[in-house]
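Peer 1: What follows is a structure written as structure tokens; I'll ask about it next.
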Amino acid sequence: MSDPTTSTNAFGEFLKQRWLTIVIVAAVLVFVLQNTGDSTVHLLWMTLTTPTWLLLAILFFLGVVAGSFRARRKRRTSRK
């Protein structure tokens, strides 16, 4: 059987390592859920009207993807 203190310590370590990420994700969720109106986006010749929450969620997702690519590239260059 597993020791209950081991699982508690593992969860505590997880929180210590990821606390900033958890706070940022929570803040983004609150911000997205409070901005439910429509927004108009003009990009070059296109005009797009979309709910603000969807626009914010897409931008957040793109930021996460860009950050993960940057972190992966940084790890690869530091190994050499």
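Peer 1: Search segment 28-47 for residues that are over 15 Å from Ile58 (Cβ atoms) and among the charged types (D, E, K, R) and pair each with any residue that is modelled with pLDDT under 90 and not in a loop (DSSP other than H, G, I, E, B) when their beta-carbon atoms are under 6 Å apart and the residues are at least 6 apart or on different chains.
Peer 2: The qualifying pairs do not exist here.
Peer 1: Hey, any hits in segment 1-9 for a residue that's modelled with pLDDT under 85, surrounded by 10 or more Cβ atoms within 10 Å (Cβ to Cβ) and under 14 Å from the mean Cα position of the chain (by Cα)?
Peer 2: Taking segment 1-9 and keeping what is modelled with pLDDT under 85, we get 1-9.
From what is left, the residues that are surrounded by 10 or more Cβ atoms within 10 Å (Cβ to Cβ) are 7-9.
Okay, now just the ones that are also under 14 Å from the mean Cα position of the chain (by Cα), so none.
No, that holds for no residue.
The values are calculated or read from the model by the stated rules, or taken from the named source; none is laboratory data. Everything numeric here is computed off the predicted structure, so don't read it as measured data. Reconstructed Cβ throughout: ideal geometry from the backbone, glycine too, with neighbour counts over all protein chains shown.
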